[in-house]
Every structure is written in C-alpha cells, then in structure tokens.
1. Based on what the data block shows, is Glu105 of a type outside the set (A, V, I, L, M), modelled with pLDDT of 85 or more and loosely packed, with under 15 Cβ neighbours inside 10 Å?
2. Taking Val71 and the conditions (1) more than 23 Å from the chain's Cα centre (by Cα); (2) at pLDDT 90 or above, which numbered condition does it fall short on, given that it satisfies the others?
3. If Pro17 meets every condition in (1) closer than 24 Å to Lys147 by Cα; (2) out of contact with any helix residue (DSSP H, G or I) (no Cβ under 6 Å at 6 or more places or on another chain); (3) loosely packed, with under 13 Cβ neighbours inside 10 Å; (4) touching a residue at least 24 places away in the same chain (Cβ under 8 Å) apart from one, which number is that one?
4. What are the pairs with Cβ atoms under 6 angstrom where one residue, in region 151-167, is more than 15 Å from Gly197 (Cα to Cα) and the other, located anywhere, is among the aliphatic types (A, V, I, L, M)? Sequence gap at least six, or different chains.
5. Step by step: first the residues of region 80-102, then only those that are in a loop (DSSP other than H, G, I, E, B) and either among the charged types (D, E, K, R) or touching a His at 6+ places or on another chain (Cβ under 9 Å) (or both), then the one that is surrounded by the most Cβ atoms within 10 Å (Cβ to Cβ). Which residue is that?
6. So for region 196-218 (the condition being part of a strand (DSSP E or B), basic (Lys, Arg) and over 20 Å from Tyr135 (Cβ atoms)), does at least one residue qualify?
Amino acid sequence: MDDQKLGEDVYAVQMNPETCACKTPLQVAYFVLDNAKYWYLNFIYNFMHKCFDMDKLHFVEGDTDSAYWAVSGDENAGIKQQFKYVIKNQQFYNENAMYFFPTIEGDLLDEKKILGLAVEREGPEMVALASKNYYMKVEDKEKIKLKGVNQNTNKITKDQIMDNITNGTITKCTNMRLGQKNYQMSKLATEKNGITGIHTKMVVLSDQSCCPYIYGLKASDYKVQ
C-alpha cells in the first residue's frame, strides 16, 4: 500500500492488489539468478584481472547486477576516464572490451546488449557501508542509497555515514506508513537502525571489509590482519 500526504489530516492511499499472476517458470528465475553471479565473476576474473592493474582498483560495493569501483588513474583526466589509465594489457583489452563495454557512442542497443555493461554513475567520491547502503557524489549532486529507509521523512547525510565508520555511531530512522485494520486507517511509525556497522547479511569490520553474518558472532569475534 502506498500513501501520499496531501494535508495535515488528509492522505491519498493506493491499495495494492491482493493477488497477482506470474506465468514465468520457476526455473527461469533460478537460471537468471545463478547466471548473474557467474557473469559477474566472469567479467572480474577473466577480463579485469587480465587487462587491468588491479592494484589501482578498489571494489567499493556491489549488488546482483552492479559493481562500483574506485579507480586510481590519471588525477588530471577527470572523472569520465573510466579504466583508460589502469590498462596493463592493451592488446587483450582491445580484443575483448567490445564484448562488455559499449563501443558505439549514442547507440542504445549497443549499450544495452545482452551480458554487456553500461556506466550507471560516475563521481569523484564514494563511501559505502554495505550493498545498497552508500554515499556518492555525482558531479555537483549527492546520491545516498539506504535500503529500507524512507529518505523523504529521514534526513540522511554523508557526515552520519562517516561518523558510523569512525566512531561506530548508529543513526536511528523512523518510517511512517498507513495501515488498515478492521476498516480503521491508522498512521504507523516504525523505528529501525538506519546507519549501522552491521546488517542482516554481512558484518562490516573496522577496515570496512565484510564477513558472513553468523548467529551469535559479533564484529569483535573476527580478526583483521
């Protein structure tokens, strides 16, 4: 259910359908999910490691179909340089880059080719606590991604993210929504940890590396060498 505040006591409410129809075979869903991981790693190990100087690249964060990299290239070339100045095997890059990167400028079909890659965002600065939990500066704008937190009602800043990294400070957020029970509409508030050094899938250590979340283990139980 989605809602939008129109006035002090007036809300527009859109109800989601109670049922939906999905004709996609379950096998297709598993195939896509499994192959997404395969091609993700295929690009990193069979392309990036072979033609890029990986000492000049740092994996910041990623998800099923996206990856954000910090590139230490030419500081005078601007933020649009991509991987140009970290190529160590130019011949391998020239022979294989066409299978991954767009090669025809302005051609949408080439940019969206199957198993291909396209640039989502570029910027001079990025800080990530975990997947779907990051700050990024894009030109003169700031992009903050914080899954599960309504940023329309919670003001999140870069300083809060940095404070969590340096001091372990947890920022609590409150999500507001409307709920209906017995034909009575109520305004509900849910408080959660918005910025924290731990989430349900990974434990983030002091050096920002991520370890598996195992019940009963805390970040202090892991050793960083």
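1. Criteria not met by Glu105.
2. (1)
3. (4)
4. Thr153/Met176; Ile156/Ile144; Ile156/Leu146
5. Lys88
6. Taking region 196-218 as the starting set, the residues that turn out to be part of a strand (DSSP E or B) are 198, 202-204, 210-212.
When the remaining residues are screened for being basic (Lys, Arg), the result is none.
Checking region 196-218: not a single residue is part of a strand (DSSP E or B), basic (Lys, Arg) and over 20 Å from Tyr135 (Cβ atoms).
The values are calculated or read from the model by the stated rules, or taken from the named source; none is laboratory data. From a predicted model like this one, the values you see are computed outputs, not experimental measurements. In this analysis, Cβ positions are derived from the backbone assuming ideal geometry, glycine residues included, and neighbour counts consider all displayed protein chains.
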